[in-house]
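Please read the structure below before turning to the comments.
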Number of protein chains: 4
Amino acid sequence: MSSRFGTIFSISTWGESHGGGVGVVVDGCPPLVPISLEEIQFELDRRKPGQSKITTQRKESDTVEILSGVQDGLSLGTPIAMLVRNEDQRSRDYDEIQHKYRPSHADFAYDKKYGIRAWSGGGRSSARETIGRVAAGAIAKRVLSNFGVEIVGYVEKVHHLHATVDPLTVTLADVEANIVRCPDQAVAAEMLTHIEEIRKQGNSVGGVVGCVARGVPAGWGEPVFDKLEADLGKAILSLPACKGFEIGGGFGMTDFTGSEINDEFEADADKHVFTRTNHSGGIQGGISNGMPIVLHAAFKPTATIMTEQHTVDDQHENTTLKGRGRHDPCVLPRAVPMVEAMVALVLVDHALRQRALRG
Amino acid sequence: MSSRFGTIFSISTWGESHGGGVGVVVDGCPPLVPISLEEIQFELDRRKPGQSKITTQRKESDTVEILSGVQDGLSLGTPIAMLVRNEDQRSRDYDEIQHKYRPSHADFAYDKKYGIRAWSGGGRSSARETIGRVAAGAIAKRVLSNFGVEIVGYVEKVHHLHATVDPLTVTLADVEANIVRCPDQAVAAEMLTHIEEIRKQGNSVGGVVGCVARGVPAGWGEPVFDKLEADLGKAILSLPACKGFEIGGGFGMTDFTGSEINDEFEADADKHVFTRTNHSGGIQGGISNGMPIVLHAAFKPTATIMTEQHTVDDQHENTTLKGRGRHDPCVLPRAVPMVEAMVALVLVDHALRQRALRG
Amino acid sequence: MSSRFGTIFSISTWGESHGGGVGVVVDGCPPLVPISLEEIQFELDRRKPGQSKITTQRKESDTVEILSGVQDGLSLGTPIAMLVRNEDQRSRDYDEIQHKYRPSHADFAYDKKYGIRAWSGGGRSSARETIGRVAAGAIAKRVLSNFGVEIVGYVEKVHHLHATVDPLTVTLADVEANIVRCPDQAVAAEMLTHIEEIRKQGNSVGGVVGCVARGVPAGWGEPVFDKLEADLGKAILSLPACKGFEIGGGFGMTDFTGSEINDEFEADADKHVFTRTNHSGGIQGGISNGMPIVLHAAFKPTATIMTEQHTVDDQHENTTLKGRGRHDPCVLPRAVPMVEAMVALVLVDHALRQRALRG
Amino acid sequence: MSSRFGTIFSISTWGESHGGGVGVVVDGCPPLVPISLEEIQFELDRRKPGQSKITTQRKESDTVEILSGVQDGLSLGTPIAMLVRNEDQRSRDYDEIQHKYRPSHADFAYDKKYGIRAWSGGGRSSARETIGRVAAGAIAKRVLSNFGVEIVGYVEKVHHLHATVDPLTVTLADVEANIVRCPDQAVAAEMLTHIEEIRKQGNSVGGVVGCVARGVPAGWGEPVFDKLEADLGKAILSLPACKGFEIGGGFGMTDFTGSEINDEFEADADKHVFTRTNHSGGIQGGISNGMPIVLHAAFKPTATIMTEQHTVDDQHENTTLKGRGRHDPCVLPRAVPMVEAMVALVLVDHALRQRALRG
């Protein structure tokens, strides 16, 4: 059960970085949903390596094939299986790490867990695993659009560079206007320059991805363990390199008092209720309150760097290792579609859960 | 399925703040585990209201009764049901909120979700729900102790006051040495004074709880969706008022480069492998690496304050509301046992999952 | 997870025969459902011991207390916890079986599984466990009545005595007209006499319970593993002493050819589709087809008999054992409400699953 | 969640009869298990169409590709994805049923459930779906062999022809000695003749498959809802055309009294405990008792027959339909590997669940 996510709209991903391919089975998608190969491929292209000069230069077309669950462009209500073949596998880049553990990578932990490890390409710990998530997320987005929900993710911080983004108005076009995926175009340019510099150094940086879901009606989410922020947090923290999660004001809310930070309700002339501020990030008591859902995710610097580091081998002997192969100096641009996909998967599941409850 | 948590070692909590009581069913606890009513009650006493001058003065003995699953002090392997009766219910404190929505509370969202709301005492959104978690967590801790795992939670920030805590050495005794549950005794005294001041103002503050799990062997956790940090994140974010979660270095890791922040491996003379730093917080690729697991949780200021705020009623008319009743000016001291319980519940489940996988 | 059932509308039962009590948590019941203590108690009274001269004479009032999830007679949408205290516990009746394994009972298997066993009263293997199912089933029936579904169970065979029952017309009143719960009143009288005779002999008999669900719309059930007949089969086979399950024509269908046994479709003047025969038992391809769902469950003779049998003790020494205590000579009359409850729990879950899928 | 099975060792199947293919993802297989493509293909060949003159003549090689989760012939502990491409698709055979509902088929129920139907080849209701089960079952059998468990399925009844089979001694070789898969060679010859005759008539017959699992240790299975017989029952009843399930003596046990049918325990000289009879079928109280697990499954006659039958179309107009295409006159020979696979999937999951509980 290690590779499943969701309760009603649920997915199973599979696949190692080097091997037959990677994929996903989407189970629980309602019938009669328009399924567009182009929409799915669009999201995969936002995720794929080699898409720009600041991502890894590994070349993968990441062309998706839909194997089941769709007839004449409509979902059948049965499992939708999708497959992406692996193409660019340079196992020789990985020879050294067959026996040496890369610092801050999963190699050591995998060996202790399983007693065996797909060392070539990082196996299951590779970011290629997220292909299945992004493909499934594209379908989730399509279902959510019928509920009036729109999701936009964006880079808001790279290393020490902070962007200014208004979650109420940010658009996909703003995000896609530059290869950093930061909608603050001026700061995006600085980020781009910085990432290129970091790459030249053989080093890496991290940052923060923000994401907003607009149009979520009040009433989604469960009150106890499956609080919307809890499920969102799990979804986001399950992404590679993610180390922190905030809903709404997050850690910053601890700097204020209740009287400063509470979100007061107000009704407009049409008796539509909203909150004057949205420090809660659209969720109260685990349940959406109709305001935009806003979250933030911290991604650490890419673990693989091109400088020599201390480590141990699988005989527990001390040694050193210098990164090889093709890697992202900063995962943030490619993390944006991953974050959106995970948000979509959580929301669509809760949409269906609420429909089960109330009809 | 809204009130269930865990896969193998799993719990179901139930109960409203005002009503017959609250409780939990623990399903999946291994047999032959010593179950001590005193240990469970000890944890509940750390959580209960009225325990000190800086917690709510609502008086509840929170005396737990074990209804099943235990024979002569040993678990039977069958469900362990535990019940705590509600005692101190002043519904009159809640008359006004029967129709008015408390700002930053769950009232509005519950009404939209369910079309009905247990307004008295906050119903299911009350922190009383966490009684079941803490009782179950006490049992989880006992099982984990057989695996050599020890969990210690502590307050590390209240409003603008930061404590210095070493997760490698902090003890339960350090934490319980003051009613704030901050092991930095000097800062704890300042926090205490500050919370009392805030209470006199009818205001509230939040803060950050840290937690460490020491002794977790390498190999627990799943590589994809059920990454250890993802499950911990969900667990912690499901606690009332929690708005942020970090594993290891968290958001702060984004201020550094890979070469600064990677955790290099080293083997000692006994070929025991450790990392020279622990920015990863004991987890890599979703799987424990044998280092202490360290996490941080942000809790917002208590929503209920004693000053008048704008809000709406259930007819969507604008109105105002002033907090009444007895509330915590700062939830942090009582949040510590809750955080520990959730960490224990996640870890025990992954311990059993790993045992299923490898024996 | 050993004591959970259902996906959306789900239950967790707990409790040993001798101990604090038994109970259930119902999680996933929609809000605003009328919850009647009388309806629940009515079903429990149909299940309870001592209700007639042909059931065990153990005296239990089986009075249920609703602890949560209900306000002013309406479900809140939150977990509904119910508790029944144990009353009549004669542990001395069980002294001998503390160390001897009763033939065809669960004692031996429990000891091998858990290494510990609640020997007094049979612990968790006692039919008292079904109290939680029946109480939850009463709520499930109430939800289903809003979907137009009615469930009637009945005894159709006791030992060699076969009743004639028409599942299209049988009513609860027919069933409750005699203490055997067989709606064929003439055969019921014979069954009653036979069961009394068997009891005098210190022996036991089994039989077959039939059950019909009328009013289930076409479209419930899932096409693969969670076929409606598969979930019904699991539900029924999880009842104590149940050894066989049939949907529709069951094993008898193997005596015919396809041309004899296929259910041909026909539309009436209102274009309502039905099948001319119902050998399929209302389910095709795992999904309801709008015809009455008809099933049959085989219950073996009660394992406890008052004659001496060979067995072994927990030291694996050969010995003998003669049944003591108060036991049902035939479980069939009390099995009827259990079967109905399990059918209701399966159907209500699939009703909500279908609502999640299609709205 | 419609296409998932199992809790720890779990599978997700996908795929329609006509389309990109069918497949399965096995999640939860322990690492370091030898995975043999030949073993998997062997089982698929036992299931595939066109294997003999008494099965459908549809030609499919059913060649399986392992896409992930295996390295150098050993399982990695990560999801094992397997793919079988569809080959022989004669959609023209299905033109008529695009709008007409085949009697006793799933067509009508699918249309009511989903509002859309993959009419060509029966879509998801086709027996091709079981390819994923059988492939996964082959892996489950391999894991179980490490626990000492051996599973043998066999045909024991076709229409009115009954075989005599001893579950204690029956072998795979006995079963594979004829194309009916009935180990009673004399009766098998009669069955073969009868099935050929039935096929010439354009008719169909059903029958009963028996299955034994030898070597299951005492202690597997859960005591309440996930009783071993309940999970086995669900597994078997989820197979296409299965209408009945019995564990051990099943319905036949109702013809006897407790004193006649109880299984008395006995210990041999080595203090090994067994039961003198095995009417319980190796399971007591839902838990294995160390005796062979024996079950029986009823399969109805194939719904597709070559004679004209009454039915309705999707406008709910009365019409008639005569079967076309290539179909099995009797599914029993091909059902044997399916039954074995489902038994293996249940047992391996409970093996791992028990290991989680006790280590």
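Observations on the structure shown:
- Share of alpha-carbon pairs per 10 Å distance bin for the protein assembly as shown, given as whole %: 2, 9, 17, 22, 21, 16, 9, 4, 1, 0
- Placing +1 on each Lys and Arg Cβ and -1 on each Asp and Glu Cβ, with no other charges, gives chain C a dipole about its Cα centre of roughly 860 debye.
- Put simply, chain D fits an ellipsoid with semi-axes of 34, 25, 19 Å; these come from the alpha carbon gyration tensor as the roots of five times its eigenvalues, largest first.
- Chain C: most fluctuating residue of C:Gly250, C:Gly286, C:Gly15 per GNM, C-alpha cutoff 10 Å: C:Gly250
- Contact surface B-A: accessible area buried, both sides summed, square angstrom, 1.4 angstrom probe: 8500 Å²
- Carbon + sulfur, % of accessible area of the range C:118-257 - ligands and nucleic acids excluded, 1.4 Å: 55 percent
- Summed residue charge, Cβ within 14 Å of A:Val158's Cβ, Lys/Arg positive, Asp/Glu negative: -2
- Other protein chain C-beta atoms within 10 Å of residue C-beta, averaged over A:155-163: 1.
- Here the range A:5-92 exposes an accessible surface that is 53 percent carbon and sulfur, computed with a 1.4 Å probe and the other protein chains kept in place.
- Within the range B:65-84, the residues that become at least 50 Å² less accessible when every protein chain is included than when their own chain is isolated (1.4 Å probe; DNA, RNA and ligands ignored) are B:Leu67, B:Gln71, B:Leu76, B:Thr78, B:Pro79.
- Solvent accessible area, Å² - A:Thr7, 1.4 Å probe, full protein context: 40 Å²
- Of the GluC sites (Glu not before Pro) in the range B:27-130, those whose Cβ has at most 12 other Cβ within 10 Å and which sit in DSSP loop: B:Glu87
- Relative contact order of the range A:1-134, defined on C-alpha pairs under 8 angstrom at six or more residues apart (%): 32 percent
- Peptide B:193-202 has a mean shielding of 1, counted as Cβ atoms of other protein chains within 10 Å of each residue's Cβ.
- Cut-off under 5 Å, modelled amide H: who pairs with A:Val165 long-range: none
- Shown in residue order for the range B:332-346 are the 3J(HN,Hα) couplings computed by the Karplus curve 6.51 cos²θ - 1.76 cosθ + 1.60 at θ = phi - 60°: 3, x, 7, 6, 4, x, 5, 4, 4, 4, 5, 4, 5, 5, 5 Hz (x for Gly and Pro).
- In this Cβ point-charge picture (+1 for Lys and Arg, -1 for Asp and Glu), the protein assembly as shown has a dipole of about 0 debye about its Cα centre.
- When the surface is traced with a 1.4 Å probe over the full set of protein chains, B:Leu172 keeps roughly 70 Å² accessible.
- For the range D:183-294, the fraction of C-alpha pairs farther apart than 21 angstrom is 52 percent.
- For chain D, the longest site-free run once trypsin sites (Lys or Arg not before Pro) in DSSP loop states with at most 16 other Cβ atoms within 10 Å are removed: D:91-270
- Over the protein assembly as shown: helical MRE at 222 nm, DSSP H runs n ≥ 4 each giving -39500 (n - 2.57), nearest 500: -8500 deg cm²/dmol
- Remark: relative contact order (the range B:4-358) = 22 percent; criterion is Cα-Cα distance under 8 angstrom and separation of 6 or more residues.
- Taken residue by residue and averaged, Cβ atoms of other chains lying within 10 Å of the Cβ of D:269-279 number 3.
- Residue with peak Gaussian network fluctuation, chain C [Cα springs, cutoff 10 Å], from C:Gly215, C:Gly281, C:Gly132: C:Gly215
- For the protein assembly as shown: accessible area per residue (Å², 1.4 Å): 29 Å²
The values are calculated or read from the model by the stated rules, or taken from the named source; none is laboratory data. Everything quoted here is computed from the prediction, not taken from an experiment. Counting neighbours? That spans all protein chains shown, and the Cβs are built from the backbone with ideal geometry, glycine included. Quick note on the areas: whole protein, heavy atoms, side chains included, nothing else; ligands and nucleic acids left out. Shrake-Rupley method; radii C 1.70, N 1.55, O 1.52, S 1.80 Å.
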